[in-house]
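S.K.: What follows is a single structure, and I will ask about it in a moment.
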Amino acid sequence: MINMPDKREWLTISLCLLATMLSLLVDTGAFAAPEKETPKTGETLYQTTCAVCHGDQGNGKTWVSGTLNPPPRNFTDPVVVQYLNRERMRTSILNGRPGTGMQPWKARLSESETEAIIDYIRATFMKLDVEAEKKKQSSP
């Protein structure tokens, strides 16, 4: 014959189950304050949006480069460094480049994200002094 728990035993079992469920919820972060999204860096944005075509090293040497005509821009080429200014980069990122594989990103990137990508490319691959550029640009 099976003995059924009395009211006190039911209460104890119920409280134990409730405590277990609450501890699981706390452990999984269900009661944690939502974390603020940390701003993505230029490097992170470049790697997730640009590197597939322009390459991890910014040289345009990727598995897709042979299928795109013209091939993706090589940011390490000294000729490119000479003529590719910030405004042209901004226009290309936001609006794409007709007749190329460069698609518009204005619907997916904010202004600050676009600037972060430009800063990253210019500093990392083009080896330019981004801070000096910005000072020169902001002076009258």
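The values are calculated or read from the model by the stated rules, or taken from the named source; none is laboratory data. The structure presented is a predicted model; accordingly, all values stated were derived computationally and were not measured. Here Cβ is always computed from backbone atoms with ideal geometry, including for glycine, and neighbour counts include all displayed protein chains. For the accessible areas, the whole protein counts, side chains as well, though only heavy atoms, and no ligand, DNA or RNA atoms are used. Shrake-Rupley method; radii C 1.70, N 1.55, O 1.52, S 1.80 Å.
S.K.: Which condition number in (1) exposed (fewer than 15 other Cβ atoms within 10 Å of the Cβ); (2) at pLDDT 95 or above; (3) in a helix (DSSP H, G or I); (4) of a type outside the set (S, T, N, Q) is the one that Tyr46 fails?
M.R.: (1) is the only condition that Tyr46 fails.
S.K.: What number of residues within region 90-122 are basic (Lys, Arg) and assigned to a loop (DSSP other than H, G, I, E, B)?
M.R.: 3
S.K.: Continuing with this model, one more query. Considering only residues of region 87-118 that are polar (S, T, N, Q) and in contact (Cβ under 8 Å) with a residue 24 or more places away in the chain, which is nearest to Leu45 (Cα to Cα)?
M.R.: Thr114
S.K.: Which members of region 53-70 meet the condition of being at pLDDT 95 or above and open to solvent by 80 Å² or more (accessible area, probe 1.4 Å)?
M.R.: Residues satisfying the conditions are Asp56, Gln57.
S.K.: Could you run through region 124-135 and say how many residues are assigned to a helix (DSSP H, G or I) and either touching a His at 6+ places or on another chain (Cβ under 9 Å) or free of Cβ contacts under 8 Å to residues at least 12 places away in the same chain (or both)?
M.R.: Number of matching residues: 5.
S.K.: Give me a count of the residues in region 71-89 that are outside any helix (DSSP H, G or I) and closer than 19 Å to Gln137 by Cα.
M.R.: 2
S.K.: Looking only at region 72-100, which residues are loosely packed, with under 15 Cβ neighbours inside 10 Å, over 21 Å from the mean Cα position of the chain (by Cα) and not aromatic (Phe, Trp, Tyr)?
M.R.: Pro78, Val79, Gln82, Asn85, Glu87, Arg88, Pro98, Gly99
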